[in-house]
Amino acid sequence: SRAKNFPPGTIKLVGHCKDVIPYLAAADLFVLPSLAEGLPGALIEAMAAGLPCVATDVPGNCELIRHEQNGLLVSPRSPIVLASAMARMISDSALASGMGMKAHEFVLREYDESKEKTCWNELFRSLDQCYR
């Protein structure tokens, strides 16, 4: 795939793509500097891929990332703090590797597809019971 052909130290902004897996596999770090989120699927995918993650401390992101445990959270609209957190992850491979592993474990435990389906089915059954 194209993603694996990036030279070390490359930052590539790819825009919308249908298959993110090659890009996640080629990445060393995932950064989500958003000002607002629901429950960010992109962050869940990055965490599932075992990437160390840096994200802004906004609702949605902070539901997934436990600061200093499975990723780093930074204040929104703080580019210097964001850059510092990114540099910290890139320069400390043990930190990045450990947080990536914990992020992966968290997503597998909390956002497993079969578990999600079971929860949704239970919700729909309970709603159905309420309206009978």
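How far is it, in nm, from the label point at ARG88 to the one at CYS130 when both lie 7 Å from their Cα along the line to the Cβ? Roughly 4.2 nm, to one decimal. Based on C-alpha pairs under 8 angstrom that are at least 6 apart in sequence, the chain has a relative contact order of 21 percent. In the context of the full set of protein chains, the stretch 62-110 has a per residue accessible area of 59 Å² (1.4 Å probe). Taking Cα atoms only, the orientation of helix 113-130 departs from the longest principal axis of the chain by about 30 degrees. Taking a point 7 Å from the Cα of LYS12 along the Cα-to-Cβ direction, the residues of the stretch 25-55 with backbone N closer than 11 Å to it are 25-27.
The GluC sites (Glu not before Pro) of the stretch 8-76 meeting both criteria, a DSSP state outside H, G, I, E and B (loop) and at most 13 other C-beta atoms within 10 angstrom of the site's C-beta, are GLU68. The slack in the chain from ILE21 to GLN69, taken as 0.36 nm per residue of separation less the alpha-carbon distance, amounts to 14.9 nm. If R0 is taken as 22 Å, the Cβ-Cβ distance between LYS115 and VAL81 corresponds to a FRET efficiency of 0.05.
Applying the Karplus relation 6.51 cos²θ - 1.76 cosθ + 1.60 with θ = phi - 60° to the stretch 75-87 yields 3J(HN,Hα) values of 5, x, 6, 10, x, 5, 5, 4, 4, 5, 5, 5, 4 Hz, where x marks Gly and Pro.
The values are calculated or read from the model by the stated rules, or taken from the named source; none is laboratory data. Just so you know, these numbers come straight off a predicted model, no measurement behind them. Glycine gets a Cβ as well: all are built from the backbone with ideal geometry, and neighbour counts include every protein chain shown. Areas reflect the complete protein model, heavy atoms only, side chains present, ligands, DNA and RNA absent. Shrake-Rupley method; radii C 1.70, N 1.55, O 1.52, S 1.80 Å.
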